[in-house]
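All remarks here apply to the structure that follows.
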Amino acid sequence: MIKLLLLPAILLLFFSCASSTLNEHAPEIKKPMYAPDYDNGDSIFINVKIAIDEKGWNSKTPEYFKAELKKQWDQINFRFNNSDKKKQLKRKYRFNPDIDDIVVYSGCSYWGENGANTKVINKMDKNIFKLVVVYDFFYEGAEAGEYGGGCGNDDGIGTILVINASDGMKNKYNDHFGVYTYRAITHELGHFRGLIDLYAEVIEAENNPVSHEKFMPPHCLMNDFCYTPDAESYWSDYAIKIINKVGNQKKADLIDRMMYEDFPDKMLVSVKKDGNPVAATVKLFPAEYDEKKWSSVIREVPFNTYQLTDGTYNVADLRKLFFVSESLWNRRHVFLAEATVGTEKKYQWISDYLMHDCGLDGKKIYELSFSF
């Protein structure tokens, strides 16, 4: 998990922590009437329930938070839609923060039975709100087990945590209204719409002892464009396909189920030399996360080896190659494919997002081809 303000992060696990209660003494504010999230054919409107830690809330006036939240979510809405540089989104998106009925909580900010997300969800109207954003302006060190913000889900309710959980920022006011925060929240909203962290699949050349090549997924807010200025912000074609398919859906395990269900069924491996099928050996070297390097590395021991006697090999169940189980958290992300013909070798990358992208195009077979 990233140890900064609110960096792009893979979906948070759910953690239990010290008891947390909503502030029953918070000032009563007249609650506005909200329509449930809806799609009018041009735009998708999504209500956002806002929660703020008690110490943070008491450090400023309600008017301050209302003004800053309105400004920030205007920035988020602009960035989310402006990142569609090719005008491929089927709908515009409008995220509407409920700044007139902010929930003030005390205690644990982190996910779990006693976490702020549970307390807030229990208090709100789940027919109206499907997204909760928790702001922790004063990290007090009680939120053991996690060191960063991110996005998760609670039985279909999207949950985003904005926090700077670093030891150096304990008991200090953390300003969550700077430019990097609204950009990071936009990234987290990508997760809310079903997108994976593409940055987690980057393989640096120095971490690839097999071919010494770098693997870089496409430019995207879910990859290297998370913190770029709005003029440079960009949803990849792959991200756009997912956002369009998800639309206004709200359900648990959205990312897990979408990728698994849309994965191609098979992978056809083929090798040709001078245009003709040829016998070859194809090895798949897996990428694994190295905690010491804080990045993924290619292992030199192949995960699978295929012998192509007639120039082709059919990987019959492609899901089994990538998914240890159907869970997002139990998946192999990237392989380096090596084809050998005689003494010659050639390389290609394959990854879960490439497979998913193929499946989103309606293709049931992914083709991995080498030409010598």
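Data for the structure
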item: The chain - share of DSSP beta bridges that are antiparallel (%, nearest 5); result: 60
item: Distance cut-off 40 Å, percentage of C-alpha pairs in the chain lying past it; result: 21
item: Label point distance in nm, ALA252-ALA316, each placed 7 Å from Cα along Cα→Cβ; result: 3.4
item: Rel. contact order, % - alpha carbon contacts under 8 angstrom, at least six apart, the range 21-192; result: 27
item: Dipole magnitude (debye, nearest 20) for the range 21-192, charges at Cβ of Lys, Arg, Asp, Glu; result: 860
item: Value of Rg to Rh for the range 179-324 (Rh from inverse mean 1/r over Cα pairs, i.e. Kirkwood); result: 1.03
item: Simple label model, 7 Å out from Cα along Cβ direction - GLU261 to TRP294, nm; result: 3.7
item: Test item: Cα-centred dipole of the chain, Lys/Arg +1 and Asp/Glu -1 on Cβ, debye; result: 700
item: Average Cα contact separation per residue, the chain, under 8 Å, 6 or more apart, as relative contact order %; result: 17
item: Convex hull per residue volume in Å³, alpha carbons only, for the range 21-192; result: 116
item: Per-residue ³J(HN,Hα) for the range 225-235, Karplus 6.51 cos²θ - 1.76 cosθ + 1.60, θ = phi - 60°, Hz, x for Gly and Pro; result: 9, 4, 9, 5, x, 4, 5, 9, 5, 7, 8
item: Cα pair distances exceeding 20 angstrom across the range 252-372, given as percent; result: 46
item: With 10 Å bins from 0: P(r) over the range 107-252, alpha-carbon pairs, percent; result: 11, 32, 34, 19, 4, 0
item: Extension gain, TYR347 back to LEU268 (0.36 nm per residue minus Cα-Cα distance, nm); result: 26.9 nm
item: Burial order of peptide ranges 34-45, 115-126, 156-167, 204-215 (average beta-carbon count within 10 Å, highest first); result: 156-167, 115-126, 204-215, 34-45
item: DSSP beta bridge pairing in the range 259-371, given as percent antiparallel to the nearest 5; result: 80
item: Calculated FRET value between ASP42 and TYR227, using beta carbons and R₀ = 35 Å, to 0.05; result: 0.75
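Any read-out appearing in this document is the output of simple, stated calculations on the displayed coordinates, not a laboratory observation. Note that the coordinates shown come from a computational prediction; the quantities given were computed from them, not determined experimentally. FYI the Cβ positions are ideal-geometry reconstructions off the backbone, even for glycines, and counts take in every protein chain you see.
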